[in-house]
Amino acid sequence: MAKRKMEWAASGTHLRGMPRRVVFMAVGAFAKAVANLLNTTTVHNADTLLRLVRHRPPGVPLLTVSNHMSTLDDPVMWGFKGFPTMDARMARWVLAAEDICFKNAVLSYIFRLGKCVPITRGAGIYQEHMNEALERLSDGEWLHTFPEGKVSQEDGPIRRLKWGTASLINRAPVTPIVLPIVHHGLQEDMGMLDLLFSADIRSSL
């Protein structure tokens, strides 16, 4: 069995949760700034997501899925007004590409604090970190995935989805509530220089 990368840092008990809270406050503030100060953000049916994050039945996991238009999708898509972006306890777990987010020990530690689960693209649906994601669902947590498996900015139908998300739904001991999300506009903020310009971000839940 492959060893899970820096799983100890992902625990909410690591250093009494203080590093995790610091990361979520910093990243949450960035997400709020990008979504609300540097952009015009319109969110449809936000109350549905907020209700499921805050008030779903105990022990019932939430699985959100969305298209993937930029490396800023997560966390900026959670930065809209009214969402508890900086609350680490209510935050999502998210599948993150190992070759991008976990290149070295420093990045691995930071992304682990941010409740990211490293996924090796091409390693299949039964890789060890997929089992970790399944455990988060088994705990009744909120997990977000990008089932396209890569960034896609094509102006057309969503590309063929990977099997991993469906396998998590099928294998979860308690069937998760599944909420699809479609967003557009974050591709305008791909580079830091783009943050100087306004983009219209539209999301539908």
Boolean, residue 42 is assigned to a helix (DSSP H, G or I), out of contact with any helix residue (DSSP H, G or I) (no Cβ under 9 Å at 6 or more places or on another chain), open to solvent by 20 Å² or more (accessible area, probe 1.4 Å) and β-branched (Val, Ile, Thr): no
Within the stretch 145-158, can one find any residue that is buried (at least 18 other Cβ atoms within 10 Å of the Cβ), β-branched (Val, Ile, Thr) and modelled with pLDDT of 85 or more? yes
Residues of the stretch 111-140 classified as farther than 15 Å from residue 100 by Cα and of a type in the set (Phe, Trp, Tyr), total: 1
May I ask you to list pairs of residues, at least six apart or on different chains, whose Cβ atoms are under 6 Å apart, with the first in the stretch 33-47 being under 13 Å from residue 77 (Cβ atoms) and the second being open to solvent by less than 80 Å² (accessible area, probe 1.4 Å) and assigned to a helix (DSSP H, G or I)? 34/76; 35/76; 41/35
All but one of (1) of a type in the set (S, T, N, Q); (2) modelled with pLDDT of 95 or more; (3) touching a Leu at 6+ places or on another chain (Cβ under 7 Å) hold for residue 70; state the number of the condition that does not hold. (2)
Condition first: in contact with a Lys or Arg (Cβ under 9 Å, 6 or more places away or on another chain) and more than 17 Å from residue 179 (Cβ to Cβ). Now tell me which residues in the stretch 41-59 satisfy that. 41, 42
Please work out which residue is nearest to residue 175 (Cα to Cα), limiting yourself to the stretch 48-64 and to residues that are open to solvent by 80 Å² or more (accessible area, probe 1.4 Å) and in contact (Cβ under 8 Å) with a residue 24 or more places away in the chain. 58
When the residues of the stretch 120-143 are narrowed to those that are in contact with a Leu (Cβ under 9 Å, 6 or more places away or on another chain) and not in a helix (DSSP H, G or I), which ends up nearest to residue 94 (Cα to Cα)? 143
Expected output for the stretch 84-102 (first residue farther than 19 Å from residue 165 by Cα, partner open to solvent by less than 40 Å² (accessible area, probe 1.4 Å) and of a type in the set (Gly, Ala, Ser), Cβ below 6 Å, 6+ apart or cross-chain) is 85/28; 85/31; 85/79; 86/28; 102/108
Just to be sure before I move on: is residue 12 more than 19 Å from residue 146 (Cα to Cα) and either out of contact with any helix residue (DSSP H, G or I) (no Cβ under 9 Å at 6 or more places or on another chain) or in a helix (DSSP H, G or I) (or both) in the structure I sent? no
First in the stretch 2-19 and surrounded by fewer than 15 Cβ atoms within 10 Å (Cβ to Cβ), second anywhere and among the aliphatic types (A, V, I, L, M), Cβ under 6 Å, 6 or more apart: none
So how many residues does the stretch 81-104 have that are in a helix (DSSP H, G or I) and open to solvent by less than 70 Å² (accessible area, probe 1.4 Å)? 2
Only one of 23, 34 that is of a type outside the set (S, T, N, Q), within 30 Å of residue 126 (Cβ to Cβ) and surrounded by 16 or more Cβ atoms within 10 Å (Cβ to Cβ): 23
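The values are calculated or read from the model by the stated rules, or taken from the named source; none is laboratory data. Model, not experiment: these values are computed from the prediction. Don't worry about glycine lacking a Cβ; one is built from the backbone with ideal geometry, like all the others, and counts go over all protein chains shown. Quick note on the areas: whole protein, heavy atoms, side chains included, nothing else; ligands and nucleic acids left out. Shrake-Rupley method; radii C 1.70, N 1.55, O 1.52, S 1.80 Å.
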